1. Give a residue-ordered list of calculated ³J(HN,Hα) values for segment 97-112 (Karplus: 6.51 cos²θ - 1.76 cosθ + 1.60, θ = phi - 60°; whole Hz; x for Gly, Pro).
2. Can you list residues from other chains, or at least 5 along the same chain, whose modelled amide H is less than 5 Å from the amide H of R105?
3. For segment 159-205 and segment 117-145, compute the distance between their C-alpha centroids and round to whole Å.
4. Please turn the phi angles of segment 73-81 into ³J(HN,Hα) values with the Karplus equation 6.51 cos²θ - 1.76 cosθ + 1.60 (θ = phi - 60°), one per residue in order, whole Hz, x for glycine and proline.
5. Each residue of segment 153-162 in turn: what ³J(HN,Hα) in whole Hz from Karplus with 6.51, -1.76, 1.60 and θ = phi - 60°, glycine and Pro shown as x?
6. At 7 Å along Cα-to-Cβ for each site, give me the label-to-label distance between K84 and E70 in nm.
7. Residues with amide H under 5 Å of I142's amide H, sequence separation 5 or more or different chain, H placed in the peptide plane at 1.01 Å from N; which?
8. Starting from the 7 Å offset along Cα-to-Cβ, what nm value, one decimal, do you get for the label separation of S179 and E148?
Amino acid sequence: MARWISSARDSRRAEPRARRAGLAAATLAAWALASAAQSAPADGQQEEAGLRSVIERAIAQAECFPDEYESAVWFTMMEPRLVKRVPDKAERMEILRTVFCEAHRKGEVRLPPGLVMAVIDIESRFDRWAVSYAGAVGLMQIMPFWPEKLGMQRHQLTQIGPNIRMGCAILRYYLRYESNNIQKALARYNGSVGRRTYSDLVINSWSRWNGADDLGLSASVSAQPVSKPLGR
């Protein structure tokens with residue numbers, strides 16, 4: 001998705017959350033007025049044929065139940081790494097729970113949870129109020145036309161669960177489209193097909209969130225179709 005508004009990224013961290021929430025709400029409202037006069041912006045990678053049904057299915061199957069032991073290991077490893085990004089403990093734990101849950105969603109291709117964390121890190125710096133110049137919103141920078149298409153409210157894009165659920169569905173879609181080529185799938189997610197700057201940023205960030213991607217895997221190589229590129 002498009003990069004978020006951050007001409008001074010570090011200063012955003014110091015902004016009161018209430019102010020960021022207000023900015024996000026104002027942006028969504030402005031987008032709603034603009035969309036009444038014209039069709040939704042084609043930050044096109046999110047409007048490809050077939051993607052709507054994938055996201056609808058993810059939203060309909062909101063609950064998932066990861067293994068309790070694996071979840072405990074995940075929290076123990078990742079929670080200290082997220083403290084500086086997300087000072088609020090309740091919000092921090094909800095992000096970790098949702099990422100792990102969605103990465104291990106039953107019946108879907110398993111995503112390395114570290115990869116999901118890396119995407120969030122690069123897309124929004126774990127700021128659920130982040131809004132891009134193109135209007136993408138939240139942790140995984142989802143375009144605001146999606147709630148309208150799915151019978152949801154736009155403000156739900158600032159909520160942790162719906163945003164990560166949709167983001168993981170979109171990421172899975174592009175991984176399948178690109179035969180699990182991570183670099184190409186990430187470029188599609190970001191709308192930068194043919195360029196590798198964004199993909200390299202995410203893959204490099206993945207190292208920060210590595211260490212728990214093999215939780216729950218069997219010895220079978222096919223158990224994890226998506227893996228970090230060698231040497232990265």
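Bear in mind that the values in this text are calculations on the coordinates, not laboratory data. Being a predicted model, the structure only gives us computed values, none of them experimental. With ideal geometry, Cβ positions are generated from the backbone for all residues, glycine too; neighbour counts draw on all protein chains shown.
1. Per residue, the Karplus-derived 3J(HN,Hα) values read 4, 5, 4, 5, 5, 5, 5, 9, 4, 4, x, 10, 4, 6, 9, x Hz.
2. The list, which skips near neighbours in sequence, is L111.
3. Using only Cα atoms, the two centres lie 13 Å from each other.
4. For segment 73-81, the Karplus curve yields 5, 4, 4, 4, 7, 9, 4, x, 6 Hz.
5. 9, 4, 5, 5, 5, 8, 8, 4, x, x
6. 3.0
7. V137
8. Here the modelled spin labels are 3.7 nm apart.
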